[in-house]
Amino acid sequence: MDVNVKDPLYTLRHSTAHLMAQAIGELFPGVKYAIGPPIEDGFYYDFEFAAPLREEDLPRIEEKMHEIALRNLPIQRAVLPREEARAREEARNQPYKVALIDDLPAGEEISFYHQGDWSDLCRGPHVAATGELKHFHLLHIAGAYWRGSEKNKMLTRVYGTAWPTKEELDDYLYRMEEAKKRDHRVLGRELGLFMFSPEVGPGLPLWLPNGATLRETLMEFMKAEQLRRGYQGVVTPNIANAKLYEKSGHLRNYNSKMFPLMHDADENETYVLKPMNCPHHIMIYASELRSYRELPVRLAEFGTVYRYEQSGELTGMLRVRGFTQDDSHLFVTPDQLKAEFKGVVDLMLFTLNRLGLTDYRVRIGVRDPADDKYIGAEENWQAAEEAILAAVQEMGMEYEVSQGDAAFYGPKLDLMVRDALRREWQMGTVQVDYNLPERFELEYVGEDGARHRPIMIHRAPFGSLDRMIGLLVEHYAGAFPFWLAPRQIVIVPIADRHAEYAGVLRDHLRENGFRAEVDGRNEKMGRRIREAEVQKVPVMLICGDRDVEAQTVSVRRRGEGDLGAKTWAEAVLLLQEMARA
């Protein structure tokens, strides 16, 4: 969530998190409090309980929250000296609050918010009284490590949502119920797209035939568009010498997300399982001295990368440990930078439009000068940020700037996509990088015969192919548009004597580029049709005696029903039209 403490929703949800914490304190004396921030569409609070909290406890907690709200307790702020604040939390046996106080910089104001006889360490802001908190609902519980580290204690995280009106709360809860029906983990299994196996390992998906077809369809779409736009395909290995990633800065800045290093005693070398493709592409560019006439060089790869996400953060295809990026790195001259950046943004928008994801906002991530994770000179960052801002302004795009969201090597533009349920996803990114070319001493020979430094553009319109598919499954509730559906056409022969005709029709459709199959099982026709509908197949073709005699086929289209009998030529024209839509 992009937190805006001036947003009334931030204040409302932050206050509701405190209301929940007070209710839990009254119901479960001795509970230890950690943190309770607002998040997108709601809030959470982390607790340490003496006995496990259950989902069945949530209605009782919610009832207590309404009771406290009706008391209309004033919410008042108080500031305490550091030592007094620390002693107070120690006396209350609140170790997490003590740790938070210890983390606060010297001289920073330490404030508490009181509501009745309950209070919490907090910088605020909050509403004036608990009576303002009316429209909320507790959602579920989960485990969460203190400070996000597996080395620390596992706490209980309670999630909730809060809204200004009952109508907004009801709308959100409806969307949440609809989201359960669209859960890509459930639909992915039902539609035969992918699976996870504990024997293989958490966060490492196995793609089933239908899912592999869906992946290939997306990859073929992107490869064709990249070819049209002058990209060159490359392939790089999944591991590399650790020195490469030390030089790039990933070992310093990304080590917590990388799998443990692998040491080869015979070679006395250390290897990494690659978390990024960029250092490999840099090596391809650096393999020969380039002329300015060759630039821009656009290298593209569907490269699989590996990141050691914590097990508690793994979420189906949305957060995995091994995934494939539609990754590309462009090496450009300063004069080419703006045009190439705009070309990448155009490709990203073209891609989203083809996928039916037309509701999005633009977020530009810049560095936080107070954070030491960023590499490179001040003038490089300034030039990169100015280039991005100039490009989006020329394209007439509305955008917002988010400090601290830059990659460690350069600023970026992200497309924040809203799906059919208005949930927001970060999909598609483009980054401008002056710093890695500097680190790797990349060069090209300019028109003046001298050596010059290229600029890199990192780009991934899909972002993660795996995550994009998870999003598309939920966006379409598994009912993909015809061109994308892994099973496009199911041919249903009415009786065994029509099976040969159905097979010839299937082969004809495959020759015309369609994914067609015959369901010739010894089942009633109605059942086979219903199963194809459950599997969300876009088109069914039914053939019986009349069709064999007239060389036709009866067409049923998902969402429209029976379209009547059509000749093979008419059916192909209809399918071609559907594939273009």
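The values are calculated or read from the model by the stated rules, or taken from the named source; none is laboratory data. These numbers were taken from a predicted model, which means no experiment stands behind them. Note that each Cβ is placed from the backbone with ideal geometry, even for glycine, and that neighbours are counted across all protein chains shown.
Taken over region 532-559, residues that are over 18 Å from Leu484 (Cα atoms), free of Cβ contacts under 8 Å to residues at least 40 places away in the same chain and either among the acidic types (Asp, Glu) or loosely packed, with under 15 Cβ neighbours inside 10 Å (or both) amount to 4.
The set of residues in region 42-53 being touching a residue at least 40 places away in the same chain (Cβ under 8 Å) and either part of a loop (DSSP other than H, G, I, E, B) or in contact with a Leu (Cβ under 8 Å, 6 or more places away or on another chain) (or both) consists of Gly42, Asp46, Phe47, Glu48, Phe49, Pro52, Leu53.
State which residue is farthest from Phe43 (Cα to Cα) when the search covers only region 124-147 and only residues that are charged (D, E, K, R) and more than 30 Å from the chain's Cα centre (by Cα). So the residue we want is Glu132. Answer yes or no as to whether Ala51 is out of contact with any strand residue (DSSP E or B) (no Cβ under 8 Å at 6 or more places or on another chain) and outside the structural domain of Glu424 (by TED's automatic domain parsing). Yes. Taking region 442-480 as the range and being on the phi > 0 side of the Ramachandran plot and without any contact (Cβ under 8 Å) to a residue 24 or more places away in the chain as the test, only Gly449 passes. Restricting attention to region 385-414 and to residues that are over 20 Å from Asn253 (Cα atoms) and of a type in the set (Gly, Ala, Ser), the residue that is surrounded by the most Cβ atoms within 10 Å (Cβ to Cβ) turns out to be Ala391. Note on region 149-173: among residues that are under 22 Å from the mean Cα position of the chain (by Cα) and among the hydroxyl-bearing types (Ser, Thr, Tyr), the one that is farthest from Asp57 (Cα to Cα) is Ser149. Could you please let me know if Asp562 is assigned to a helix (DSSP H, G or I) and free of Cβ contacts under 8 Å to residues at least 60 places away in the same chain? Considered against the rule, which asks whether it is assigned to a helix (DSSP H, G or I) and free of Cβ contacts under 8 Å to residues at least 60 places away in the same chain, Asp562 comes out as no.
Would you mind stating whether Arg451 is out of contact with any helix residue (DSSP H, G or I) (no Cβ under 6 Å at 6 or more places or on another chain), at pLDDT below 95 and among the basic types (Lys, Arg)? Considered against the rule, which asks whether it is out of contact with any helix residue (DSSP H, G or I) (no Cβ under 6 Å at 6 or more places or on another chain), at pLDDT below 95 and among the basic types (Lys, Arg), Arg451 comes out as no.
Of the residues examined, Ile375 is one that is of a type in the set (A, V, I, L, M), under 23 Å from Phe440 (Cβ atoms), in contact with a helix residue (DSSP H, G or I) (Cβ under 6 Å, 6 or more places away or on another chain) and in the same structural domain as Val430 (by TED's automatic domain parsing).
When restricted to residues that are small (Gly, Ala, Ser) and either part of a strand (DSSP E or B) or not assigned by TED's automatic domain parsing to the domain that holds Leu173 (or both), region 54-86 contains 1.
Taking region 482-538 as the range and being more than 22 Å from Lys181 (Cα to Cα), of a type in the set (Asp, Glu), in contact with a strand residue (DSSP E or B) (Cβ under 9 Å, 6 or more places away or on another chain) and in a helix (DSSP H, G or I) as the test, the residues that pass are Glu500, Asp507. Looking across Arg418, Arg451, Arg422, Arg459, one residue alone is touching a His at 6+ places or on another chain (Cβ under 9 Å) and of a type in the set (Lys, Arg). It is Arg459. Residue check: Thr16 meets all listed conditions (1) among the hydroxyl-bearing types (Ser, Thr, Tyr); (2) modelled with pLDDT under 95; (3) surrounded by 19 or more Cβ atoms within 10 Å (Cβ to Cβ) but one, namely (2). Whether any residue in region 210-229 is surrounded by fewer than 13 Cβ atoms within 10 Å (Cβ to Cβ) and farther than 30 Å from Ala579 by Cα is what I want to check. The answer is no, given that none of the residues of region 210-229 is surrounded by fewer than 13 Cβ atoms within 10 Å (Cβ to Cβ) and farther than 30 Å from Ala579 by Cα. Among residues of region 105-124 that are not assigned by TED's automatic domain parsing to the domain that holds Glu89, none has a beta-carbon under 6 Å from a residue that is among the charged types (D, E, K, R) at least six positions away or on a different chain. Which condition does Glu438 not pass, out of (1) surrounded by 24 or more Cβ atoms within 10 Å (Cβ to Cβ); (2) touching a residue at least 60 places away in the same chain (Cβ under 8 Å); (3) over 20 Å from the mean Cα position of the chain (by Cα), if it passes all the others? Here Glu438 clears every test but (1).
In region 416-429, the condition of being within 23 Å of the chain's Cα centre (by Cα), in contact (Cβ under 8 Å) with a residue 12 or more places away in the chain and within 17 Å of Gln336 (Cα to Cα) is met by no residue. Does Leu337 fit the bill of being of a type in the set (A, V, I, L, M, F, W, C) and within 17 Å of Val417 (Cα to Cα)? Considered against the rule, which asks whether it is of a type in the set (A, V, I, L, M, F, W, C) and within 17 Å of Val417 (Cα to Cα), Leu337 comes out as no. Screening region 258-288 for residues that are of a type in the set (Val, Ile, Thr) and in contact (Cβ under 8 Å) with a residue 40 or more places away in the chain and picking the one that is surrounded by the fewest Cβ atoms within 10 Å (Cβ to Cβ) gives Ile284.
Taken over region 231-249, the residue count meeting the criterion of being surrounded by 13 or more Cβ atoms within 10 Å (Cβ to Cβ) and in a loop (DSSP other than H, G, I, E, B) is 5. Out of all the residues in region 154-183, which are touching a residue at least 12 places away in the same chain (Cβ under 8 Å), touching a strand residue (DSSP E or B) at 6+ places or on another chain (Cβ under 9 Å) and assigned to a helix (DSSP H, G or I)? The answer is Lys166, Glu168, Leu169, Tyr172, Leu173, Met176.
Evaluating Arg252 against the criteria (1) charged (D, E, K, R); (2) surrounded by fewer than 13 Cβ atoms within 10 Å (Cβ to Cβ); (3) modelled with pLDDT of 95 or more leaves one unmet condition, (3).
Looking across region 15-30, the residues that are part of a helix (DSSP H, G or I), of a type outside the set (Gly, Ala, Ser) and more than 30 Å from the chain's Cα centre (by Cα) come down to Leu19, Gln22, Ile24, Glu26, Leu27. Just for region 456-481: of the residues that are part of a strand (DSSP E or B) and not charged (D, E, K, R), which one is nearest to Gly544 (Cα to Cα)? Residue satisfying both the conditions and the ranking: Ser464. Among the residues of region 388-437, those identified as part of a strand (DSSP E or B), farther than 16 Å from Asp346 by Cα and of a type in the set (D, E, K, R) are Glu400, Arg418, Glu424, Asp433. Tell me yes or no: at least one residue of region 98-117 is touching a Lys or Arg at 6+ places or on another chain (Cβ under 6 Å) and under 17 Å from Thr16 (Cβ atoms). There is at least one residue in region 98-117 that is touching a Lys or Arg at 6+ places or on another chain (Cβ under 6 Å) and under 17 Å from Thr16 (Cβ atoms).
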